[in-house]
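The values are calculated or read from the model by the stated rules, or taken from the named source; none is laboratory data. Here the structure is a predicted model, which is why all the values come from computation and not from measurement. Heads up, the Cβs are rebuilt from the backbone with ideal geometry, glycines too, and the neighbour counts pull from every protein chain shown. Just the protein is used for accessible areas: all its heavy atoms, side chains included, with ligands, DNA and RNA removed. Shrake-Rupley method; radii C 1.70, N 1.55, O 1.52, S 1.80 Å.
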Amino acid sequence: MRKPVIAGNWKMFKLLNEAVETVLALKPLVANANHCEVVIAPVFTVLKTISDRLEGSNIKLAAQDCAIQNDFGAHTGEVAPVMLKDAGCSHVIVGHSERRQFYGETDESVNWKSMAALAAELTAIVCVGEHLAERESGNAEDVVRTQLEGGLSGLTANDLERIIIAYEPVWAIGTGKTATPEQAQEMHGFIRNCIGNTHGENAAEGMRILYGGSVKPDNISTLMSQPDVDGALVGGASLEAESFAKIVNYR
Ligand code: PGA
């Protein structure tokens, strides 16, 4: 069956010493969490150091973004997926709503980044999710379907084994407003259906679909009790080792 994934997105927080401190505190707290995969996504500059500190632990390392390709060259400011792998990452977040909203990410660039991540043997955590106005006007499913079709375009059912989807309604990110477990389940079921339509039943059944948006220690277990919720992408509540560990140890 699908192994749950609990991933912490540290966004643009923590200098090196704070990142190391958090990781050292987190390691023993999640050492027995065999029921799920534990992933943290710190900023680029601390990845290599954190990767060294994680050696021998069950915590996996993700970057928060990557370049659209792996060919070395004149791409000032970009970091290739193959370099993230070299720094110790196994995962990379792609298409987070903050990148879509403020840094020009499009479904097309999400697609390129996902392919580049797979080529570097990383697992891509592909984020989708609607804005409040889109939900209120009844377009949430259309928006998410378009993001999925664009982001996963050209990927085979095999490729999808190394893709994780994170559904993050933009109105729930950092707002304290979580989607209800029913709202999450409804969209997760819809996403699984979409993947079934584009990539077949097996790909759909195997796909881990994470929920993100104000996940906290006190709402994780009801979210996880939904049949199509396979984990969480956690922002704010992942910054403190104790609260993230509570989320990891949700059961
Ligand atoms: P939040 O962020 O948990 O702080 O709402 C989630 C995310 O942006 O991935």
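Might you check whether a residue that is farther than 18 Å from A62 by Cβ, open to solvent by less than 30 Å² (accessible area, probe 1.4 Å) and of a type in the set (D, E, K, R) occurs anywhere in the stretch 169-182? No, the stretch 169-182 contains no residue that is farther than 18 Å from A62 by Cβ, open to solvent by less than 30 Å² (accessible area, probe 1.4 Å) and of a type in the set (D, E, K, R). Of all residues in the stretch 121-140, those being crowded, with 18+ Cβ neighbours inside 10 Å, aliphatic (A, V, I, L, M) and over 23 Å from E161 (Cβ atoms) number 1.
Selection over the stretch 55-70 of residues that are under 19 Å from the mean Cα position of the chain (by Cα) and either part of a loop (DSSP other than H, G, I, E, B) or at positive phi (or both) gives a count of 6.
All conditions but one from (1) out of contact with any strand residue (DSSP E or B) (no Cβ under 7 Å at 6 or more places or on another chain); (2) within 16 Å of the ligand (Cβ to nearest atom) apply to V128; the one that does not is (1). Can we say S214 is near the ligand (Cβ under 10 Å from one of its atoms), open to solvent by less than 20 Å² (accessible area, probe 1.4 Å) and at positive phi? Yes.
For E141, the conditions (1) within 21 Å of A237 (Cβ to Cβ); (2) in contact (Cβ under 8 Å) with a residue 40 or more places away in the chain; (3) part of a helix (DSSP H, G or I); (4) not aromatic (F, W, Y) all hold with the exception of (1). Of all residues in the stretch 141-168, those being over 24 Å from S90 (Cβ atoms), open to solvent by 10 Å² or more (accessible area, probe 1.4 Å) and of a type in the set (V, I, T) number 2. Consider T49 carefully, then state whether it is part of a helix (DSSP H, G or I), open to solvent by 40 Å² or more (accessible area, probe 1.4 Å) and hydroxyl-bearing (S, T, Y). Against the criterion (part of a helix (DSSP H, G or I), open to solvent by 40 Å² or more (accessible area, probe 1.4 Å) and hydroxyl-bearing (S, T, Y)), T49 qualifies.
At least 2 residues being farther than 18 Å from I40 by Cβ is the threshold, and among the strands (runs of 3 or more DSSP E) wholly inside the stretch 145-246 those reaching it are 163-167. Listed by position, the helices (runs of 4 or more DSSP H) enclosed by the stretch 71-136 that each have at least 1 residues that are among the polar types (S, T, N, Q) are 97-102, 107-119. Only residues that are buried (at least 21 other Cβ atoms within 10 Å of the Cβ), closer than 15 Å to P42 by Cα and more than 16 Å from the ligand (Cβ to nearest atom) were counted in the stretch 82-120, giving 2.
Looking only at residues of the stretch 232-245 that are within 15 Å of the ligand (Cβ to nearest atom) and more than 16 Å from A172 (Cα to Cα), we find that the one that is most open to solvent (accessible area, probe 1.4 Å) is E240.
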